[in-house]
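One structure below.
The values are calculated or read from the model by the stated rules, or taken from the named source; none is laboratory data. What you are looking at is a predicted structure, and each value in this text was computed from that prediction instead of being measured. Reconstructed Cβ throughout: ideal geometry from the backbone, glycine too, with neighbour counts over all protein chains shown. Calculation scope for accessible area: heavy atoms of the full protein, side chains included, ligands and nucleic acids excluded. Shrake-Rupley method; radii C 1.70, N 1.55, O 1.52, S 1.80 Å.
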Amino acid sequence: MPRAMWSGAISFGLVNIPIRLHSAVSRKSVHFNQIDTRTGARIQYRKVSAADGEEVPSEQIAKGYQLSSGEYVLVGDDGLSALDPEASRSIDIEQFVDLDEIDPVYYDSAYFVAPDKAAKKPYALLTRAMEEQNKVAIARFVMRSKQYLAAIRPQDGVLVMSTMVYADEVNDPAELVGEDVADEDVSERELKMASQLVESLTEPFEPERFEDSYRNQVLDLIDRKAAGEEIVA
């Protein structure tokens, strides 16, 4: 079994369910390094001062927040460490909400929530109760010195937890799309034609049908070049 990213317990009321978190997604992107074509060596990066171009030793580097005036406020690691949330091994459920109340735009990274062996029954009870009522738990927890807002939802008999973005992190669609789009006049005929088109393309969602064709082509190109094939653009 893959190693858990985090272990602790789901807590609400007097209920405490020991669990482990496993990442629900394995990213499959292709990563490249920058190479010096003259020597075949990797390119390295140095931290240099914008003032004189000299390399700056790590002990002389501090975090700085740029003000609107262009000046920087330096913040030391000690000052930031004092603000770190208190380490905890508890996912504290604050409320339950209906699934359709949460816009998917708020979801971020997903994790599968696995119960400890001794906690399978309370885990199953919580999962089934949430499934029957179509509820999602809203919780907070601390992982790697950062506090997260999270949504825990049942899916096919298991719990899936998604970290969430905060409301002030979601851009206002009216500023990006326009406030008057929803008020645009459309005729009944136009709406009927659009509805028929949507209906004609409606099918059950089968995620395995969709592949990253670009990634597959890049990997194929790499395999062919590694085998000595000359590629003509």
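Just a few scattered comments:
- Amide H contacts for Trp6 (H built 1.01 Å from N in the peptide plane; partners 5 or more residues away or on another chain; cut-off under 5 Å): Leu21.
- Distance between the stretch 52-110 and the stretch 178-210 - C-alpha centres, whole angstrom: 39
- Per-atom-type breakdown for the chain gives carbon and sulfur 51% of the accessible area (1.4 Å probe, protein chains only).
- Filtered chymotrypsin sites (Phe, Trp or Tyr not before Pro), the stretch 188-221: DSSP coil and at most 13 other beta carbons within 10 Å: Phe205, Phe210
- Gain in span if fully extended, Lys120 to Ser49, counting 0.36 nm per residue against the direct Cα distance: 20.0 nm
- Restraint check, Lys63/Lys135; Lys47/Lys146; Lys47/Lys225; Lys63/Lys225; Lys117/Lys146, Cα-Cα greater than 31 Å: Lys63/Lys135; Lys47/Lys225; Lys63/Lys225
- Range in the chain, longest, excluding exposed GluC sites (Glu not before Pro) [loop by DSSP; at most 13 other beta-carbon atoms within 10 Å]: 87-178
- 12 Å Cα-Cα reach of Lys28 towards aspartates and glutamates, excluding residues that sit fewer than 8 places from it in its own chain: Glu211, Asp212
- When Rg and the Kirkwood radius Rh are both evaluated on Cα atoms of the chain, their ratio Rg/Rh stands at 1.06.
- Only helical runs count toward this figure. For the chain, summing -39,500 (n - 2.57) over DSSP H runs of n ≥ 4 and dividing by all residues gives -6500 deg cm²/dmol at 222 nm.
- Using a Förster distance of 41 Å, the FRET efficiency for Val97-Ser68 (Cβ separation, nearest 0.05): 0.60
- Based on alpha carbons, the Rg and Dmax found for the stretch 34-150 are 23.4, 65 Å.
- log₁₀ of I(q)/I(0) at q = 0.13, 0.17, 0.20, 0.21 Å⁻¹ - the stretch 97-187, Debye sum with one point per alpha carbon: -0.57, -0.82, -1.00, -1.06
- When the chain is treated as a Gaussian network with alpha carbon springs shorter than 10 Å, the biggest mean-square fluctuation among Arg128, Arg20, Arg189 belongs to Arg189.
- Computed over the stretch 63-209: relative contact order in percent, which uses C-alpha pairs under 8 Å that are six or more apart: 22
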